[in-house]
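The structure appears right after this line, and notes come after that.
Quick note: the coordinates plus some simple rules give every number you see, no bench work behind them. All figures in this text were calculated on a predicted structure; none of them were measured in a lab. Using ideal geometry, Cβ is built from the backbone for each residue, glycine included, and neighbour counts are taken over all protein chains shown.
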Amino acid sequence: MTCIYNFSAGPSMLPKEVIRKAHKEFKNWCNLGSSVLEISHRSEEFLNLIKKSKQDLRTLLKIPKNYTILFFHGGARGQFAAVPMNLTKKNKIVDYIDSGYWSRQAAQEARKYCTTNIVDVISTKKRKKIILPMKKWVIDNQSDYIHYCPNETIEGLSIYEEPNFKNKKIVGDFSSTLLSRKINIKKYSLIYASAQKNIGTSGITIVILKKKLIQNNNSLTPSILDYNIALKNNSLFNTPVNFSWYLSSLVFKWLKKIGGIKEIEKRNIKKAKILYKFIDKSKLYKNNIHKNNRSCMNVIFQLRNEKLNNLFLKQSQINNLYALKNHKVFGGMRASIYNAMPIKGIKKLIKFMSNFEKKNF
Ligand SMILES: *Cc1c(COP(=O)(O)O)cnc(C)c1O
């Protein structure tokens, strides 16, 4: 089989080893003679999977005891609604940091359930996009929590600084951040992530939160998004997305085996570094993000001659480099280089980009 490198932003490439294992077990999981797709979520085997996946995630992220891990359907967008419904009330103010498309989408959803104070944090420095340091964020004194997104998947912008706001609850959309680098869970009250970037495939959604935040909720919160109900039911209030959960459990095992977050972070930094270095040196490609805020997960770039866009996409595809087109709301190119993307894939991409430039520019 030809080797394809898939730069899709999500659902994205999975580790080869995980795919191989899932393939091998597909028809006969845990020696049950059935696929994991056909097994009750209340069976001993599946309950074991749940238990083990939580333990592995706890180990990987060093999640303290006073935090709980919940699993939901509905992706990150489900949590855009669940967070305000569970953590605040209609007449309360919450801070929503605006750093790009996804944080804006989160704020738009939250507006249905509370009053949002939108905090613009995008600035420019020497014609490069930069995120203001947290001490310059204009937070409302009265706000119930601060919501932000540490990696804007579409703009290729990352916030590496960790929050330090006195007496404020911090909520983070970690959909394209979780498991890619070290984070200090204690800095957050709640973080959530859909799985299709670094965790597995779409379906399962992870919420890690301080236990003491969970309370009896207002009666209008749909039960499937209610943290209290999820906690009481071991995240099995209704039938879970079992295959997505299963794949995530394989990803956790794979990550542990290769050396955990420390090792993957090292690899991710290396991958991003060589790609940005190449872009910065080239005459055809450009990236307009300040080095402090460049994403190691989603490397965006534009072609200085936009007429070459279609040719670039066509030829990259022929060269087995897939899905380099950025989201339609933004345009340009994006190489999503999540945990599963090997360094070989980056080298192949650079070689292609370099040849393309020589031939066409
Ligand atoms: C992909 C993504 C989302 C959307 O996730 P869904 O699971 O499709 O709802 C939200 N936020 C960020 C940061 C993302 O990368």
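Calculate, in nm to one decimal, what SER123 and MET1 gain on full extension: separation in residues at 0.36 nm each, minus their alpha carbon distance. Intermediate values should be presented prior to the final figure.
Values: separation 122, 0.36 × 122 = 43.92 nm, distance 4.60 nm.
Stretched fully, the SER123-MET1 segment lengthens by 39.3 nm.
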Q: Divide the volume of the convex hull of the Cα atoms of the range 93-141 by its number of residues and quote the answer in cubic angstrom per residue.
A: 60
Q: Output the pairs from LYS135/LYS266; LYS129/LYS283; LYS128/LYS169 with a Cα-Cα distance over 24 Å in this structure; if there are none, say none.
A: LYS135/LYS266; LYS128/LYS169
Q. If you build a Gaussian network model of the chain, linking Cα atoms that sit under 10 Å apart, which residue out of LYS328, LYS92, LYS211 swings the most?
A. LYS328
Q. Between LEU220, LEU284, LEU349, which gets the highest mean-square fluctuation from a Gaussian network model of the chain, Cα cutoff 10 Å?
A. LEU220
Q: Give the calculated FRET efficiency between ASN66 and ASN217 to the nearest 0.05, with a Förster radius of 22 Å applied to their Cβ-Cβ distance.
A: 0.65
Q. Can you give the calculated 222 nm mean residue ellipticity of the chain, where each DSSP H run of n ≥ 4 adds -39,500 (n - 2.57) and the sum is split over every residue, rounded to the nearest 500 deg cm²/dmol?
A. -11000 deg cm²/dmol
Q: Sort 55-67, 138-150, 188-200 for me by packing, meaning the mean count of neighbouring Cβ atoms within 10 Å per residue, highest on top.
A: 188-200, 138-150, 55-67
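When only C-alpha pairs under 8 Å and at least 6 residues apart count, what is the relative contact order of the chain, in percent?
On the way: 636 pairs, mean separation 82.2, N = 361.
Result for the chain is 23 percent.
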Q: With a point put 7 Å past each Cα toward its Cβ, work out how far VAL138 is from LYS344 in nm, to one decimal.
A: 5.2
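My understanding is that a pair violates if its Cα-Cα distance is over 22 Å; which of LYS186/LYS253; LYS125/LYS182; LYS281/LYS344; LYS187/LYS253 do that in this structure?
The answer is LYS186/LYS253; LYS125/LYS182; LYS187/LYS253.
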(Q) Test of understanding: ordering SER354, SER175 by Cβ neighbours within 10 Å, fewest first, what list do you get? (A) SER354, SER175
Q) Which aspartates and glutamates have a Cα lying under 15 Å from the Cα of LYS211, excluding residues fewer than 8 positions away in the same chain? A) ASP226
Q. Going by the alpha-carbon gyration tensor, a ≥ b ≥ c the square roots of its eigenvalues, is the chain rounded (a/c under 1.5) or, if a/c is not under 1.5, prolate (a/b greater than b/c) versus oblate?
A. oblate
